[in-house]
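To start, the structure under review is shown below, and the notes come after it.
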Amino acid sequence: MVKNILINLMLIFIFSNICFGQENYGVIKGRAAYKGEVFSGIKILVYKEKEHIDLTKPDIVAGETKIDGSYEFSIPVGRYYLVALKKKYNVDNFKPEEGDLYCFYSGSPVEVVEKGITYVGFNLIKVGKSKPDKKSNNSGIYGKVFFEGKNLEKSYIYVYKDFKGGFRGPAFIVYPSYDGNFSINLPPGTYYIIARKRAKGGMYGPIEEGDLFNFYHGNPVVVKKGYMKNVEIECVKRLSQLESDEGYPILSGVVRDKNGKPLAGIFVLLYHNREMQGKPLYISGRSDSNGNFSIKVPPGKYYILARENIGGPPITGEWTGKLLDPVNIESNVKIQIIMEKTK
């Protein structure tokens, strides 16, 4: 009898631990495609949020796509960077190489909430052949940004020294390319290179549907003294149809000045902390000509700040505003934010 009691207690202990563990998990699911074609066997690689990330060393190999390109897995709550990779040859490594299919998710880092579902769609590229580095009196990077086989005009190349801020804050260098070609002098060191072209134009702001973007598959890039390293970045278009909005409430509303006039070009930033300082959890696109904005976010309580610019403290004359009380977003919510110019 004592033996049976002990067995029952062990079973209760194990079951309670399993249930408790599940309560601290969420789900990531979605689909991966290359030029509209879906494949099975595309691995989904997960990288924990940290200062430096090596694409060849994922923290979690979460699984792979099915025949219809879909995937789904459970993961502990947290913030993650995601990559989809299908090797051309059956090689047991995670380094993107010529002929491989690759995508760094442009919405990274994604947040996984307890018992929630995070939808992530991947629009892959095929990794091309890299060119050799060039000897030079300087050091840095050279190459091109392209989309659908053509140089991407009026694009931007962003150079970062680390992953701090999730590439949403100011870059170490931003280089505008008018014809898709670039040559950037850099001190010897290690860098992360990103290319972007926003459908609405402009240098800063979150990646939105229709924008062209990519995180260079060879990151991090090591620049050596006396060499210009070749970096060629094929961009992809941010597509909503690879993802689902199911389960995500919408925060929407309008931003106005104190006289009731709607303001265009305003970002809405969401935080979990009352101080609303540092890196925001989520950033909306700029408000339209009627002052309207909308953003899909996981359910939760958020503190809300609105600004004309992103990064650094507000400057004199900048439109800013905030809600004094947090907003609990469990279903669709509409708000109004009154803005004033910083003095």
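Each reported figure results from applying straightforward, stated rules to the coordinates on display, with no laboratory input. A quick note: this is a predicted structure, and the numbers were derived from the prediction, not measured. A quick note on method: Cβ atoms are made from the backbone with ideal geometry, for glycine too, and the neighbour counts reach across all protein chains shown.
Please go through the residue pairs 197/322; 161/224; 48/229; 48/164; 144/224 and name each one whose alpha carbons sit more than 23 Å apart in this structure. Flagged as over cut-off: 197/322; 48/229. Cα convex hull, the chain: 181 Å³ per residue, rounded to a whole number.
Structural descriptor for the chain: relative contact order 14 percent, calculated from alpha carbon pairs under 8 angstrom and at least 6 residues apart.
Net length available on complete extension from residue 73 to residue 332 is 90.6 nm, with 0.36 nm assigned per residue and the Cα-Cα distance removed. Taking label positions 7 Å along the Cα-Cβ direction at both residue 301 and residue 257, the computed distance is 3.5 nm, reported to one decimal. Distance between the pseudo-spin-label points of residue 316 and residue 135 (7 Å out from Cα toward the beta carbon): 5.3 nm. Taking a ≥ b ≥ c as the square roots of the eigenvalues of the alpha-carbon gyration tensor, segment 40-154 is classed prolate because a/c is 1.5 or more and a/b outweighs b/c.
Running Debye on segment 116-197 with equal point scatterers at the Cα sites and no solvent, what base-10 log of I(q)/I(0) appears at q = 0.14, 0.21 Å⁻¹? Log10 I(q)/I(0), no solvent term: -0.59, -1.18. Charged side chains reduced to their Cβ positions (Lys and Arg at +1, Asp and Glu at -1) give segment 30-125 a dipole of some 100 debye around its Cα centre. For the residues 120, 127, what sequence is obtained by ranking on other C-beta atoms within 10 Å, fewest first? Ascending Cβ contact count within 10 Å gives the list 127, 120.
Charge dipole (Cα centre; +1 on Lys/Arg Cβ, -1 on Asp/Glu Cβ; no other charges) of the chain amounts to roughly 820 debye.
Modelled spin labels at residue 92 and residue 27, positioned 7 Å past Cα toward Cβ, are 3.2 nm from each other. Indicate the gyration tensor shape class of segment 228-328 (rounded, prolate or oblate), computed on the Cα atoms with a ≥ b ≥ c the square roots of the eigenvalues: a/c under 1.5 is rounded; otherwise a/b larger than b/c is prolate and the rest oblate. It comes out prolate by the Cα gyration axes. Per residue of the chain, the DSSP helices (runs of n ≥ 4 H) give a summed -39500 (n - 2.57) that works out to -2000 deg cm²/dmol at 222 nm. Shown here for segment 41-144: chymotrypsin sites (Phe, Trp or Tyr not before Pro) in loop regions (DSSP other than H, G, I, E, B) with at most 11 other Cβ atoms within 10 Å, namely 89.
Going from the fewest other Cβ atoms within 10 Å to the most, the residues 186, 270, 324 appear in the order 324, 186, 270.
Out of 305, 121, 223, whose Cα points farthest toward the positive end of the dipole of the chain (charges: +1 Lys, Arg; -1 Asp, Glu; placed on Cβ)? Selected residue: 223. Applying 1/(1 + (r/R0)^6) with R0 = 30 Å to the Cβ-Cβ distance of residue 272 and residue 56 gives a FRET efficiency near 0.40.
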